[in-house]
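Here the structure comes first, spelled out in structure tokens, and everything after it is commentary.
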Amino acid sequence: MSSNADAAQTSASTRPDQDNQNTTATTASTASHDASGRQPTSAAAGSAELARTKIELLAATRTFPDFPIPGINFIDILPLFQDPKIHEELLRALELQVLNFTSGPDAAPIVKPDVVVGLDARGFLFGPSLALRLGASFVPVRKQGKMPGPCLTAAYEKEYGTDYFQIQEGSIKPGQKVLVVDDIIATGGSAAAAGSLVKQSGGELVGYLFMLEIPFLKGRDKLDGVPVVTLLETNGD
């Protein structure tokens, strides 16, 4: 057989394998897109992007000393929503934060929440948009008497007495994985009440995500060991 014939036979015999590889690669590429249609970021690149974006976000906030009481440095997050570019960076950072803290050790598969629960009222600022990016539903937790229909209720203590949170019955299905989000964790009472409502609904509480934290109030201690992540780290008490 001539060398040209050998080359033609070799090319013909390998082309099916190459086509299979190309098909496999195309399928894998298509499957690797997340619910929002974006190509997932590698773990290392995602961590670097998250760290860089956190610095930019913190720089965009404002600080007001002695508000609402003397000795408190109030960090105002509202400027993050006033600039479309910064707002987009915030949502991307929240998305990356969720994917990072729901990743298990040894590159275990990421488990995304089925439901994002936002607390009344600042959890509503970013909760729905984050849920959309994660391909999850959004469920609000509101103060008692603010929602129609049958509701579940949980109490929590505030500095001036007892308050109540509610969630609509059936908004979380039994077994759904739930992430609770709010702008800040202080004493942890309201977040714990939201977690109680998730459990009453039959959901699986997989974590809490906050934008800011007041560490000295030790709010995490009320959250029963459920994973807690704060997006922006500050040096204040």
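The values are calculated or read from the model by the stated rules, or taken from the named source; none is laboratory data. The structure presented is a predicted model; accordingly, all values stated were derived computationally and were not measured. All Cβ positions, glycine included, derive from the backbone under ideal geometry; neighbour counts span all protein chains shown. Note: areas computed on protein heavy atoms with side chains; ligands, DNA, RNA excluded. Shrake-Rupley method; radii C 1.70, N 1.55, O 1.52, S 1.80 Å.
Annotations for the structure displayed:
- Coarse-grained scattering of the range 140-189 at q = 0.16, 0.17, 0.26 Å⁻¹, given as base-10 log I(q)/I(0) from a Debye sum over alpha-carbon atoms: -0.56, -0.63, -1.15
- Between the range 180-237 and the range 53-69, the alpha-carbon center distance in angstrom: 20 Å
- Note on K158: accessible area is roughly 70 Å² with a 1.4 Å probe, heavy atoms of protein only.
- Extended-chain gain in nm, criterion 0.36 nm per residue less alpha-carbon gap, D83 and A59: 7.3 nm
- K177 exposes around 60 Å² of accessible area when a 1.4 Å probe is run over every protein chain in place.
- Other residues within the sphere of radius under 13 Å centred on the Cβ of D183, judged by their own Cβ, net out at -3 (K and R +1, D and E -1).
- When the listed pairs K173/K199; K54/K85; K54/K158; K199/K222 are checked against a 22 Å cut-off, the alpha-carbon distance exceeds it for K54/K158.
- For the range 105-226, the fraction of C-alpha pairs more than 19 angstrom apart is 44%.
- Solvent exposure of the range 51-162 as accessible area per residue, Å², 1.4 Å probe: 54 Å²
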